[in-house]
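These notes are about the structure you will find just below.
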Amino acid sequence: MSQYGNRQNLRIAKLVILCIVATGTRYSRYSPHSHARVYHMPFAKTSTDQIIARFWERYQEKLRERRVKQTAMRWYVLRAEEYIKATQDKRLKTQDATDVTRYLEKMGRKDRIPDWQFRQIVDAIQNLMETADADCLHAVDWEYWRNSAQSLPESHPTVARENWILPSTRPAGQAPLIDAARKLHAKLLDDLVKAIRQRHYSIRTEQAYLAWTCRFLLFLASM
């Protein structure tokens, strides 16, 4: 080989080395799945965008497993994104049944929300929690929420809670048990409800605690 050819080969080799250094690539060991060498990016890290993209790919894959139509998937994604935005102060993985319940109760009170749309919201959030492997996945009664796909009336206890209606201010005739107990213990029952709400217990827990307390007070009064 001529001296010119050697210099030419050396120049090409230098260019290849410069390209490898500039792109940050390096040869790895043989790939365990093939006999070809593969390139790796030793300094490349998985970006947040890539993690998010993979999450939504898994979300849509689970929708396909549920036989959700392709044309409806974007609406499920939209419902899930709205939930994430509304509960962004808490990671999906660590959310509990109370977080989901509050959101669904709020959505259920929206005027003129069709039943099918509410069920879609429930399904979208359930699929979201399954994708995130959230702790509350099995703690939420999803079937209950699908079956209760209707707007909450003004007399619903959840609406009453938001208006801070207490046992002493509740209209008579709605709850005979409370009516009987509050004649003697109105302030005690009000204090109980305030303490429950300060601890952010669910509306059903509040109702159960209040009912059992009323029964206990009435039992003591009858002795």
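Details
- Within the stretch 47-67, residues that are touching a residue at least 24 places away in the same chain (Cβ under 8 Å) and more than 10 Å from Asn127 (Cβ to Cβ) reach no partner that is of a type in the set (Lys, Arg) and surrounded by 10 or more Cβ atoms within 10 Å (Cβ to Cβ) with beta carbons closer than 8 Å at six or more positions or on different chains.
- A count restricted to the stretch 171-200 and to residues that are under 26 Å from Arg102 (Cβ atoms) and free of Cβ contacts under 8 Å to residues at least 12 places away in the same chain stands at 6.
- For the stretch 147-160, the condition holds for at least one residue, the condition being that it is in a helix (DSSP H, G or I) and either closer than 30 Å to Arg54 by Cα or modelled with pLDDT of 80 or more (or both).
- Taking residues in the stretch 83-112 that are in contact (Cβ under 8 Å) with a residue 40 or more places away in the chain and in the same structural domain as Glu143 (by TED's automatic domain parsing), and partners anywhere that are acidic (Asp, Glu) and surrounded by fewer than 19 Cβ atoms within 10 Å (Cβ to Cβ), the pairs with Cβ atoms closer than 8 Å and at least 6 places apart or on different chains are Lys93/Asp133; Lys93/Asp135; Thr94/Asp135; Gln95/Asp135; Asp96/Asp135.
The values are calculated or read from the model by the stated rules, or taken from the named source; none is laboratory data. This one's a predicted model, so the numbers in the text were calculated from it and none came from an experiment. Glycine gets a Cβ as well: all are built from the backbone with ideal geometry, and neighbour counts include every protein chain shown.
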